[in-house]
Every structure is written in structure tokens, then in C-alpha cells.
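The block underneath contains the structure these notes are about, expressed in C-alpha cells.
Every number here is computed from the coordinates shown, using simple stated rules; none is lab data. Source: prediction; values computed, not measured. A quick note on method: Cβ atoms are made from the backbone with ideal geometry, for glycine too, and the neighbour counts reach across all protein chains shown.
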């Protein structure tokens with residue numbers, strides 16, 4: 001669905017993309033005394049609270065992990081990567097509506113907008129991930145070379161998120177309730193993913209249903225890398241990969257079919 005011409009057009013506006021990512025980075029981190037701290041405060045607070053509340057309760061569900069940091073690592077692996085997913089999807093859904101003024105005034109490839117969201121979200125996540133890796137290194141739990149296995153997992157997650165985001169962003173232009181619905185759905189989606197709890201505590205009949213959640217194998221892959229220091233079961237990632245491709249097809253189809261009406265509707 002994405003032609004060479006579209007990619008060429010986006011490449012021609014690479015300066016526009018870089019400048020917007022740079023501006024977002026500066027607005028997020030500069031001008032405050034504590035800079036990056038404010039952007040990790042929310043996930044850090046969530047991790048501390050959940051660790052205090054659930055650490056002892058969840059320890060039996062993490063067999064063969066005697067480290068006092070086991071649950072914290074399991075939790076961080078899920079919370080931080082879910083934060084990347086939630087931020088990216090939430091921003092993608094609103095990209096056309098939030099940039100209505102510039103879309104009406106400036107002519108540029110609309111696909112630049114999800115790329116800006118992707119790059120900006122990854123840049124922020126890289127900072128948070130580095131802090132997490134420092135913690136793993138200091139606590140003697142650094143995963144080593146298996147950490148590189150997280151790169152394809154992250155690429156699959158990004159493809160799934162952007163594909164879903166572009167589809168919903170296109171629909172959101174015409175039905176503004178979509179963005180409000182996504183914020184509510186994300187809360188339920190979070191609890192339908194084994195982030196706070198381990199899969200072992202879920203009854204089998206419920207687990208069969210929850211495994212239809214495409215974020216389940218992705219989060220499990222991250223947890224395996226950071227906690228168990230093992231590469232993911234690549235076969236389990238076929239499902240979210242195929243779903244990303246399907247959503248990408250429908251997302252681009254809807255976008256290309258309706259892009260001429262998007263600016264008029266905004």
C-alpha cells in the first residue's frame with residue numbers, strides 16, 4: 001500500500017520530521033530543573049506502588065526467581081514497554097486532529113506525522129530504558145547479549161502500534177469519540193495483559209481468551225529477556241506480526257481512500 005513515491009515524498013521532508021522531533025524533545029526535557037525525571041515520575045511511581053503492594057503476593061507466581069528484585073524487574077519490563085505502547089497509540093490516534101491547523105496551512109505528506117510520533121516516543125523510551133539498564137547493571141541482573149533480542153520485538157510492537165494508530169487516527173477525524181474510547185480501552189487492555197500479575201495466576205479458561213491479546217506475547221517476550229535472560233519464543237510473535245500487517249493494510253487503505261477528505265473534515 002505504501003508506494004516508492006510516498007516514501008520519496010516523506011524522505012524529502014526529513015528535515016521537517018527531525019525539527020519536529022527535536023522541538024518535542026526540547027519542550028519535554030528542557031526548561032525544568034529536573035528535566036527527564038518528570039517524564040519517568042509516573043511509571044516510576046507506579047512501579048514503586050505496585051512493587052510494595054504486590055511483591056510478596058506475586059513472588060510464588062515467579063518460580064525459580066529468588067532475587068529480591070525479581071518482581072520489580074518483571075514489573076518494569078512490562079510497565080515501561082507498555083508505557084511506550086500507550087503513549088504511541090494515544091498520540092497516533094489524535095495526530096490529524098491535533099495538527100489540524102498545520103495540515104490546513106502547509107502542504108506536506110501526512111505520513112510524516114506518525115513518523116514524528118514514532119521517533120519522539122522512541123527517543124523518550126530510550127532515556128527511560130537506559131535508566132532501567134543502569135538499575136539492572138548495578139543490581140547484578142543485566143541480561144547481557146540477549147538484550148539485542150529486544151530489537152525485533154520492539155520493531156514488531158512499533159509496527160503494530162503505528163498500524164493500529166493510523167487506522168484509528170483516520171476514523172477519529174470523522175468520529176471524534178474514537179480518541180476518548182481509546183483512553184478507556186487502554187485501561188482495560190493494561191489489566192488484560194500480564195504486567196502486574198504473572199500468567200500462572202490466571203485460570204486456564206480465562207487465559208485462553210486473554211491470549212488473544214496481541215500485547216500478551218510482546219510483553220512476555222520483554223519479561224523473558226530482562227528477567228529470565230532468554231530470547232523470546234519467536235513463534236509466539238507470529239500472531240502480533242501478522243496482526244500488524246493486517247492492520248497496516250487496512251490503515252493505509254482507509255488513509256489513502258480518505259486523505260483527500262481529512263483536511264476538509266478537520
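Laid out as a table, the results:
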{"item": "Extension reserve of the residue 26-residue 126 stretch, reckoned as 0.36 nm per residue once the Cα distance is removed", "result": "34.5 nm"}
{"item": "Angle between the chain longest axis and helix 177-191 axis [Cα atoms, degrees, rounded to 10]", "result": "10"}
{"item": "The chain - mean residue ellipticity at 222 nm from DSSP helices (-39,500 (n - 2.57) per run, n ≥ 4, rounded to 500)", "result": "-24000 deg cm²/dmol"}
{"item": "Among 242, 146, 208, residue whose mean-square fluctuation peaks in a GNM of the chain (springs only between Cα atoms under 10 Å)", "result": "208"}
{"item": "Contour excess over end-to-end distance, with Cα ends at residue 9 and residue 190 and 0.36 nm allotted per residue", "result": "61.5 nm"}
{"item": "Pair residue 101, residue 151: separation of 7 Å Cα→Cβ label points (nm)", "result": "4.0"}
{"item": "Part-to-part distance (alpha-carbon centres) for segment 129-143 and segment 178-219, which is given in Å", "result": "26"}
{"item": "More than 24 Å apart - percent of Cα-Cα pairs taken over segment 4-265", "result": "52"}
{"item": "Simple label model, 7 Å out from Cα along Cβ direction - residue 180 to residue 253, nm", "result": "2.9"}
{"item": "Semi-axes of the equivalent ellipsoid for segment 111-266, Cα gyration tensor, largest first, Å", "result": "31, 20, 15"}
{"item": "Values of log10 I(q)/I(0), in the order q = 0.25 Å⁻¹, for segment 86-175 under a Debye, Cα-only, solvent-free model", "result": "-1.25"}
